[in-house]
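A.B. asks: First the structure, then my questions, so here it is.
The values are calculated or read from the model by the stated rules, or taken from the named source; none is laboratory data. All of these numbers come straight from a predicted model, not from anything done at the bench. Backbone-built Cβ (ideal geometry, glycine too); neighbour counts: all protein chains shown. Note: accessible area is taken over every heavy atom of the protein model, side chains too, but ligands, DNA and RNA are not part of it. Shrake-Rupley method; radii C 1.70, N 1.55, O 1.52, S 1.80 Å.
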Amino acid sequence: MTKTRPLLAGIELGGTKCVCLIGYGPDEVLAQIEIATGLAPDATLQAIETQLETWKAHYGSIAALGVASFGPVDLDPRSRLYGHITTTAKPGWRNVDLVGRLERRLKIPIGFDTDVNGAAHAEGRWGAARGLRHFAYVTVGTGIGVGIVTNGQSLQGIFHPEMGHIRIVRQAGDGFSGSCPFHGDCLEGLASGEAIRRRIGQSPKDLPPEHPVWASVAHALGQLLHVMVVSLAPERILLGGGVIAGQPHLLAQLRTELTSSLNHYLLAPELEDQIDAYVRAPALGAMAGPLGALALAARRLESQGG
Ligand code: ZN
């Protein structure tokens, strides 16, 4: 039954690990492995390429590859730097030509986007944003990213939006200087997993829901949701990533923050009695990211009529 479907491969390239997978979709992932994102891109990409070639020998020809990468990345096909990671703070990974290198080696079509845009497309295709025209996916992990999909396309202008770096109003009494190497106390600098780790000297993973740091985090992320609603008016906002997934109480806190912040200025059922469905977890859970890479591969095939 699945044999007429194209075989797809995906790489979710993260700041600490890459998830590589091969399959047909969420219902049929044939294999998946993790490779550490080392400080030397060459060695990391070599390991990925070897894995994909091993899979090709085992499972057969791969119709397309999707690469969902940490950023910032250049997504403009007209640009000389298309397919490159650009100004990342991750040592060694600045100006790495991801797509060009993988195309030369693997000789298959490659769909390329940010990791959050990939996750948003996966949710649009297979998850909690199916049937929606205009929606957003927020990830709160080591960093904070926002993917926005409009009419089936990732929102993009001179580059992809980086809403994790908006300026926000600090919570009264918050003296933390922030962890963003570019802006200090931008949203990511105040509320990402890395920011939390620096604030309290430990990973947010095992913190109890009543830990006081969550109030600062919810205060900051509530402002992101407010900005998103008033500037983008998405039909739904999905909130994923390791920090949110590990702390389910945050979703309820964020709905309260958003409602209180908007103060009933905008009238829509999504912001009133439907708020639980409006601000919600991704349906694909922790697989939204890796499946995002497969979704990018599928999109690439469709764009060429494959
Ligand atoms: Zn920043």
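A.B. asks: Among the residues of the range 5-52, write down those that are over 19 Å from Trp126 (Cα atoms), open to solvent by 60 Å² or more (accessible area, probe 1.4 Å) and of a type in the set (S, T, N, Q).
C.D. replies: Thr16, Gln46, Thr50
A.B. asks: Let me ask something additional. Considering each of Ser69, Ser79, Ser61 in turn, give the residue that is among the hydroxyl-bearing types (Ser, Thr, Tyr), touching a helix residue (DSSP H, G or I) at 6+ places or on another chain (Cβ under 9 Å) and not assigned by TED's automatic domain parsing to the domain that holds Pro234.
C.D. replies: Ser69
A.B. asks: Keeping to the range 179-193, report how many residues are modelled with pLDDT under 95 and in a helix (DSSP H, G or I).
C.D. replies: 0
A.B. asks: Could you tell me which numbered condition Ala119 fails, if it satisfies all but one of (1) surrounded by 15 or more Cβ atoms within 10 Å (Cβ to Cβ); (2) within 16 Å of the ligand (Cβ to nearest atom); (3) at pLDDT 95 or above?
C.D. replies: That leaves (2) as the condition not met.
A.B. asks: Which of the helices (runs of 4 or more DSSP H) contained wholly in the range 203-306 include at least 3 residues that are crowded, with 18+ Cβ neighbours inside 10 Å?
C.D. replies: So the answer is 213-232, 242-245, 249-262, 288-303.
A.B. asks: Name the residues in the range 153-178 that are crowded, with 17+ Cβ neighbours inside 10 Å, in a loop (DSSP other than H, G, I, E, B), in contact with a Cys (Cβ under 8 Å, 6 or more places away or on another chain) and not β-branched (Val, Ile, Thr), would you?
C.D. replies: Gly178
A.B. asks: Let me ask something else. When you scan the range 254-306, how many residues do you find that are out of contact with any helix residue (DSSP H, G or I) (no Cβ under 9 Å at 6 or more places or on another chain), of a type in the set (Asp, Glu) and over 28 Å from Ile33 (Cα atoms)?
C.D. replies: 1
A.B. asks: Here's another thing I want to ask about it. Within the set of pairs 6+ apart or on separate chains, which have a first residue in the range 197-219 that is among the hydroxyl-bearing types (Ser, Thr, Tyr), a second that is assigned to a helix (DSSP H, G or I) and open to solvent by 70 Å² or more (accessible area, probe 1.4 Å), and C-beta atoms under 8 Å apart?
C.D. replies: Close Cβ pairs (under 8 Å, with a partner that is assigned to a helix (DSSP H, G or I) and open to solvent by 70 Å² or more (accessible area, probe 1.4 Å)) amount to Ser203/Arg197.
A.B. asks: Where in the range 12-95 are there strands (runs of 3 or more DSSP E), lying fully within it, with 1 or more residues that are closer than 14 Å to Phe112 by Cβ and aromatic (Phe, Trp, Tyr)?
C.D. replies: Output list is empty.
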